[in-house]
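Structure, as structure tokens:
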Amino acid sequence: MTALDEAARALKEARRIVVFSGAGVSAESGIDTFRTEGGFWQRYSPEEFGTPMGLAKLYATDPARLARFLEELVGPIACAAPNPGHQALFELERGVAGRGGALSVITQNVDELHQAAGSSRVHEIHGSLFHIVDAEGRALRRLERPELARIADALARAQRGPFKRSRIARAMLPLIGLPRAGDLTQPRHRPSVVMFGEALAEPAWQRAQDEARRADAVLVVGTSGLVYPAATIPEIAAEAGARVVEVGPERAFEGIWLPGQAGVVLPELVSRVQHLSGGALNP
Ligand code: APR
């Protein structure tokens, strides 16, 4: 039996599936990963660009670099669309539901592409670029992709020409409110994205752990599995007896590994599951 057949059988027999996804599932949608060749943390230091203190310092000392980082982060997400990998996960959810089971997605991504593909139960444990919260973490408003695109354009323009600091502050404003005077790590508002050293998003993180404990199978897609506590999800599921299936060019966990790109392997895997479950999709 090939690894693909073994993986399809494990998913077909599972009534409760959790998907654990990372940046790799969105790579074919044009969004950079963090740690692979040319990724974000190869171009920008995570200490400087991935922590509240680092960003606050950048805003004070080199706003143009902060603007360029934010433009490169926000721009691709603003114009991204789900790829065949996201769509296959939605088809898998429909198939499992048709057999009386349930599938939820636990994602480290902040790009809302699982939701855009139709996945109905998504736990964003690292928060979301689309949700703006105040300094206490309370929800303020939602941004949609067109507005994120406008912010990225304004950040690109503000890096050129005079009065950079004030123009960058204005371009950033819908996303990150000016820090309270004196405390540069406390912006008035920001996306709910979880940065290094911060607690994971709740109640997403609690629900993710609960569902991992109850899962019969965990489908890991596109993650290096290096960031904790998020990367405990597949371990929690495996300890509770779940089968582990992993899709990606590099292997990060024990289990059935299907090497390759999410946008190629997931559609193949899901159609194999549908075939085992008696042919075409449930009506
Ligand atoms: N299909 C599937 N996997 C892919 C693809 C693809 N097309 N392209 C790359 N990958 C894999 C890489 O091989 C790598 O294993 O996706 C993984 C991406 O790993 P990272 O860049 O480390 O991203 P991720 O695991 O999501 O990082 C976790 O770290 O910086 C924090 O908060 C950030 O959520 C992020 C967390």
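For this structure, a couple of remarks:
- One residue stands out among those in the stretch 1-13 that are more than 16 Å from the ligand (Cβ to nearest atom) and in contact (Cβ under 8 Å) with a residue 12 or more places away in the chain: the one that is farthest from G263 (Cα to Cα), which is E13.
- Test: residue in the stretch 35-50 that is of a type outside the set (K, R), more than 13 Å from the ligand (Cβ to nearest atom), more than 15 Å from the chain's Cα centre (by Cα) and surrounded by 20 or more Cβ atoms within 10 Å (Cβ to Cβ): no
- Residues in the stretch 239-252 that are open to solvent by 20 Å² or more (accessible area, probe 1.4 Å) and out of contact with any Phe, Trp or Tyr (no Cβ under 8 Å at 6 or more places or on another chain): E239, A240, G241, R243, P249, E250, A252.
- Qualifying residue in the stretch 113-134 (condition: among the acidic types (D, E) and under 30 Å from R16 (Cβ atoms)): yes
- Residue list for the stretch 109-120, restricted to those being in a loop (DSSP other than H, G, I, E, B) and over 16 Å from V220 (Cα atoms): V110, D111, E112, G118, S120
- Take the conditions (1) in the same structural domain as R272 (by TED's automatic domain parsing); (2) in contact (Cβ under 8 Å) with a residue 40 or more places away in the chain; G50 misses just one of them, which is (1).
- Restricting the stretch 14-28 to residues that are open to solvent by less than 20 Å² (accessible area, probe 1.4 Å) and more than 9 Å from the ligand (Cβ to nearest atom) leaves a set whose member that is nearest to H126 (Cα to Cα) is F20.
- Verdict on G95 being touching a residue at least 12 places away in the same chain (Cβ under 8 Å) and surrounded by fewer than 19 Cβ atoms within 10 Å (Cβ to Cβ): no
- Remark: D62 matches the filter, which requires a residue to be away from the ligand (no atom under 12 Å from the Cβ) and surrounded by fewer than 23 Cβ atoms within 10 Å (Cβ to Cβ).
The values are calculated or read from the model by the stated rules, or taken from the named source; none is laboratory data. Given the structure is predicted, the values throughout are model-derived calculations rather than measurements. Reconstructed Cβ throughout: ideal geometry from the backbone, glycine too, with neighbour counts over all protein chains shown. Heavy atoms of the whole protein, side chains included, go into the accessibility calculation; ligands, DNA and RNA do not. Shrake-Rupley method; radii C 1.70, N 1.55, O 1.52, S 1.80 Å.
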